[in-house]
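J.: Let me give you the structure first, and then I'll get to my questions.
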Amino acid sequence: MSASVSRTTYREALRGALREALTADPRVFLMGEDIGRYGGCYAVTKSLLAEFGEERIRDTPLSESAFVGAGIGAALGGMRPIVEIMTVNFSLLALDQILNNAATLCHMSAGQCPVPLVIRMATGAGRQLAAQHSHSLEGWYAHIPGLRIVAPATIDDARGMLRAALLCPDPVLMFEHIGLFNMEGDLTEAAGVADIERAAIRRTGRDITVLTYGASLYRCLEAATELSAAGIELEVVDLRTLRPLDDATIIKSVRRTRRALMVDEGWKSGGLSAELGMRVVEQAFFDLDAPVMRVCTAEVPIPYPKHLEDAALPSVGRIVAAAHAMVAHEP
Amino acid sequence: MNDFSAAPNAALDARVLDLLVGVAPDIDPAAVRADLDFRDQFDFDSMDLFNFAVAIHAAFGIEIPERDYRQLTGLAKCVAYLRSRLPQL
Amino acid sequence: MSREFRMPSLGADMEAGTLVEWRVVPGARVRRGDVVALVETEKGIIDIESYEDGIVERLTVAPGARVPVGTPLALFQGEAAAPAPEMPRPAATAAAASSGTVPAAHGIAVPGLGSPRDAGKTVARAAPSAQRLRASPAARVRAAALGVDLGRIQGSGPQGVVTLQDVERIGGREPAPRVATPEPPGGARAGMRNAIAAAMGRSKREIPHYYLQLAMDMQPAVNWLTAFNQERPVPERLLIAVLLIKAAALAAAEKPGFSGYFRPAGFEPAAQVHMGVAIAVRGGGLVAPAIFEADRKSLATIMHELQDLVGRVRAGHMRSSEISSATLTVTSLGEEGVDVLYPVIYPPQVAIVGFGSVLERPWAVNGRLEARPVLNITLAADHRVTDGRQGAQFLARIRDHLARPGEL
């Protein structure tokens, strides 16, 4: 095993993972809107059609319910389908398939009919795509037992989580933030299969545990650098898997720092941060030194104008302000 | 001040009491009973006794062997001891 | 260049002090060690010393005011940028360092923290409730464990919430800003009783004491002392307590682990042995001021200093440095005919040596029983720092020193 690294992008890392899966297992095939000839809405599957052919890189009609349902059927039939839904916004058209079929069949069949399906979809805001195309609904999906929800934030995870997802007997929903596709970085060649059981501490610190995932990770890390200069040390936890949550890592960190701040692009009300905060209070109440806090998206449909969209989303400034408030130093 | 040979006898008790209060300013001289040991009245310890002996030594100009310290442990005893050592008092 | 001169902490048990008198006026030049003010505490009136050279710029607290530990009393112009340590280093390394870590504004300027001006930027904060004590869950748990009264701590957290760190500062005997504390009911005597209760309660809760006891023949020491005193006039004589203090100090200098402080981060050995001597206050109560570097002082010097200390305990003029600097304590009930005492460690110290009375007892000498003056020495030590074997060696050193009084 070499520890060498290579320069790549998040998008290329995802493509590399797909290519590897297609090469390694003949049961794997891709299915989705515009993934073949067009190369995918975010160009993740670009060139794969030429490499693997129409049988395995299948363009579908514009019917999420139909092709997600077809994916569930294929998984039941012994295949290992990887379904791409352009964005989480359109996944709502397939919500019945995901919630009522994919998530339940294994349980309703007493384990006889597992659904080893992987659904990839883009998520998040920040590209001026307006209210209907900027949702962050992974927190919704994380509500549903029977699903596993992952959110690769790093290039290594983009490369390594797909293999882990294909090994999982349950349906796995993989959320790729639209702000990350162009991110450049180093890929650890030896990274291998990502561990989708554990959260990862991306930066250690003594004062506040920040629980985040996806693109918000980088805002948190930037805030951590800024706060460090002011003497406040953030411990930044990349959740990686949103369901099931890695309580052990989360609570252990909070017990150490005694403060928990949640940062995500969902809305606060009924969101993933609400769930995280409640777990912290349930499991670490007597270790807390400050109220748990959240930095989330403003409770409005995501605005189209750039300045309003920026104002609605979690920003480095809001994370910094929240951290100061938690340790009572004014910024 | 050292010339206690000139002090009236009646003043000896008061003089010793003054020395006692000088050593232990936290006691109330009016409450001191002549017939009781200092220790039993107000937690007089060995350092207090030592300081008291030093004060007597300085005020009356007499050497006090250690074995005589036990005769300094109460007001009446002390006055009696001083009279035995200094009959002119 | 100005720095604040603050109400010092003169022990884990001190919450507040009353400024009795200023000994300096604005413009006065102050040297390190000068008595700057008199402060009344549960332990009596203490002479508060300056720890740096400087010039008095302004006095900010008037005589008669009772203020919490950490309250600025005066402004000094001096060389040092950091706030003055309350105690000389390294006598109380940690205590001194900790006082330096309390920033001037820390935890005080809390009201108005969350003004609505930057509502878009800051995070909404709940309005503080007026009466209810605000302390974080972690602080409450810790305070309960330490027996610290949360109501007396000025919090440094959001909206003045008392945080874990605030509690540990108090629990760790570190001064921190606090709200004004009323004079304890029952006056200074009750105050001292409360202070002893707090310190000893904390000791018994936190310190895993182990006890060792050793009996020794004091004939050589008694003979030596009698001979010594016989040749000298009253003022030059020694008390046996002086031998005990010196022997314990020498042993502590030789055997590490008994002189120092236990801090949250672990044991901090003291560079010198400042021997605390438990001195009873008439009518009840106890203080344990220090004889500095007792292991290096002659018996005559220790005697002189002990005499001076006892006198000032009686008169109420202890100095701030000696009251808070002991690195180890000795205690004795020799006057009362008690054979053995089992002392309680004064936190954050890690050991205390108890001396019983020197009493004539049967003692085996070369196969025969003889009547000898026998002394029981006990050690109570902190098991987080040392084990019984080290404790036994420490006690044996004390015995060996007392067996050769001429070398003390």
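J.: I need the full set of residues from the range C:204-225 which are away from chain B (no Cβ under 14 Å) and either among the aliphatic types (A, V, I, L, M) or assigned to a loop (DSSP other than H, G, I, E, B) (or both), in order please.
T.: C:ILE207, C:PRO208, C:LEU212, C:LEU214, C:ALA215, C:MET216, C:MET218, C:ALA221
J.: How many residues does the range B:17-32 hold that are small (Gly, Ala, Ser), part of a helix (DSSP H, G or I) and either surrounded by 15 or more Cβ atoms within 10 Å (Cβ to Cβ) or within 12 Å of chain C (Cβ to nearest Cβ) (or both)?
T.: Summing the residues that are small (Gly, Ala, Ser), part of a helix (DSSP H, G or I) and either surrounded by 15 or more Cβ atoms within 10 Å (Cβ to Cβ) or within 12 Å of chain C (Cβ to nearest Cβ) (or both) in the range B:17-32 gives 2.
J.: Follow-up. If I filter the range A:1-46 down to residues being under 16 Å from A:GLY192 (Cβ atoms) and free of Cβ contacts under 8 Å to residues at least 60 places away in the same chain, which single residue comes out as surrounded by the most Cβ atoms within 10 Å (Cβ to Cβ)?
T.: A:ARG19
J.: Then there's this: Return yes or no: is A:GLU309 over 20 Å from A:VAL254 (Cα atoms) and in contact with a strand residue (DSSP E or B) (Cβ under 9 Å, 6 or more places away or on another chain)?
T.: Here the answer is no, as A:GLU309 does not meet what is asked.
J.: Sticking with this structure for a sec: Restricted to the range C:298-327, and to residues that are of a type in the set (D, E, K, R), surrounded by 17 or more Cβ atoms within 10 Å (Cβ to Cβ) and more than 15 Å from C:SER9 (Cβ to Cβ), which residue is nearest to the other protein chains (Cβ to nearest Cβ)?
T.: That would be C:ARG314.
J.: For the list (1) under 25 Å from C:ASP387 (Cβ atoms); (2) in contact (Cβ under 8 Å) with a residue 12 or more places away in the chain, I need the number of the one condition that C:VAL287 fails.
T.: C:VAL287 satisfies every listed condition except (1).
J.: From the list A:PRO114, A:PRO169, exactly one residue is in contact with a Cys (Cβ under 6 Å, 6 or more places away or on another chain) and touching a residue at least 24 places away in the same chain (Cβ under 8 Å). Which is it?
T.: From the options A:PRO114, A:PRO169, the qualifying one is A:PRO114.
J.: Sticking with this one: Does A:ARG255 satisfy the condition of being without any contact (Cβ under 8 Å) to a residue 60 or more places away in the chain, over 13 Å from the mean Cα position of the chain (by Cα) and not in a helix (DSSP H, G or I)?
T.: No, not satisfied.
J.: Also, quick follow-up: Every residue in the range C:34-59 that is in contact (Cβ under 8 Å) with a residue 60 or more places away in the chain and small (Gly, Ala, Ser), please.
T.: Scanning the range C:34-59 gives a single hit, C:GLY44.
J.: Here is a further query. Could you tell me which of the residues C:PHE228, C:PHE267 is surrounded by fewer than 21 Cβ atoms within 10 Å (Cβ to Cβ) and in a strand (DSSP E or B)?
T.: None of the others qualify; the one that does is C:PHE267.
J.: Then there's this: Which fully enclosed helices (runs of 4 or more DSSP H) of the range A:259-331 have 3 or more residues being small (Gly, Ala, Ser) and either touching an Asp or Glu at 6+ places or on another chain (Cβ under 7 Å) or within 11 Å of another protein chain (Cβ to nearest Cβ) (or both)?
T.: Ranges flagged: A:316-327.
J.: Give, as residue ranges, the strands (runs of 3 or more DSSP E) completely inside the range A:146-230 that count at least 1 residues that are under 19 Å from A:VAL295 (Cβ atoms).
T.: A:172-177, A:200-203, A:208-212
J.: Mind listing just one residue for me: the one in the range C:132-143 that is facing chain A (nearest Cβ under 10 Å) and part of a helix (DSSP H, G or I) and, of those, nearest to C:ARG202 (Cα to Cα)?
T.: The residue in question is C:ARG142.
J.: Related question: Take the residues of the range B:55-70 that are exposed (fewer than 14 other Cβ atoms within 10 Å of the Cβ) and of a type in the set (D, E, K, R): which is nearest to the other protein chains (Cβ to nearest Cβ)?
T.: Checking each candidate, the answer is B:GLU63.
J.: Which ones in the range C:16-49 are assigned to a loop (DSSP other than H, G, I, E, B), surrounded by fewer than 23 Cβ atoms within 10 Å (Cβ to Cβ) and not basic (Lys, Arg)?
T.: C:VAL24, C:VAL25, C:PRO26, C:GLY27, C:ALA28, C:GLY33, C:ASP34
Here, each number is a calculation from the coordinates, and none is a lab measurement. What you see is a predicted model, and the numbers here were worked out from it, not measured in a lab. Please note: Cβ atoms are built from the backbone with ideal geometry, for glycine as well, and neighbour counts cover all protein chains shown.
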